[in-house]
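The values are calculated or read from the model by the stated rules, or taken from the named source; none is laboratory data. Keep in mind that this is a model prediction, so the values were computed, not measured. Counting neighbours? That spans all protein chains shown, and the Cβs are built from the backbone with ideal geometry, glycine included.
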Amino acid sequence: MERLHSRVLVQWAAGAFVTAVVLAAITGAIAYVDPLSLALSPVLVAGVVFGVAFVLGVGYAALRYRLWRYEVREDTLYIERGVFTRVRTVVPYVRVQHVDSQRGPIERLLGLGTVVVYTAGSRGADVSIPGLAAERATTLQERLRDLAIESEPTDAV
């Protein structure tokens with residue numbers, strides 16, 4: 001089974017940082033507006049909330065990275081993921097409609113990409129594999145596309 005590139009931890013930690021900043025700003029603003037609710041300084045409240053949220057977010061990202069696995073099998077794509085709820089996904093290539101690769105600004109900065117597999121008959125339940133090295137995302141996209149084409153039923157007349 002293959003793992004994600006370790007640089008995805010930086011991307012997920014950046015997301016935890018942004019979340020921690022937003023939570024700290026909200027709680028700091030609440031503590032500033034309603035100083036009677038807490039006998040603490042709004043800056044102290046915001047700092048504590050930021051620290052707790054950031055540590056929890058980075059811890060969650062580390063666990064998420066540790067548990068994320070995928071495998072390109074003979075006739076299916078197999079994915080294992082999830083920290084609190086473990087999810088195992090099996091995508092038969094015959095169900096694959098098309099395969100995209102995406103690279104957002106932070107992913108481009110880190111040299112990463114995401115492969116998204118769109119399947120027939122799904123409503124927003126498409127499968128994505130984040131945190132791949134950019135060249136790996138491109139080769140995986142091409143390989144999955146080729147496997148999907150090979151698995152198409154042939155029309156015998």
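Every condition in (1) surrounded by 13 or more Cβ atoms within 10 Å (Cβ to Cβ); (2) without any contact (Cβ under 8 Å) to a residue 40 or more places away in the chain holds for ARG88 except the one numbered (1). If you take the residues of the stretch 87-122 that are modelled with pLDDT of 95 or more and small (Gly, Ala, Ser), which of them is nearest to GLU71 (Cα to Cα)? Once the filter is applied, the top-ranked residue is GLY113. In the condition set (1) modelled with pLDDT of 95 or more; (2) surrounded by 13 or more Cβ atoms within 10 Å (Cβ to Cβ); (3) part of a helix (DSSP H, G or I), VAL55 is compliant with all but (2).
Annotation note: of ARG64, ARG73, the sole residue that is among the basic types (Lys, Arg) and touching a Phe, Trp or Tyr at 6+ places or on another chain (Cβ under 7 Å) is ARG64.
From the list GLU142, GLU107, GLU80, which one is more than 23 Å from SER6 (Cβ to Cβ), of a type outside the set (Gly, Ala, Ser), out of contact with any Ser or Thr (no Cβ under 6 Å at 6 or more places or on another chain) and not assigned by TED's automatic domain parsing to the domain that holds GLY59? Steps first, answer last, please.
On the way: GLU107 fails: more than 23 Å from SER6 (Cβ to Cβ); GLU80 fails: more than 23 Å from SER6 (Cβ to Cβ).
On inspection, the qualifying residue turns out to be GLU142.
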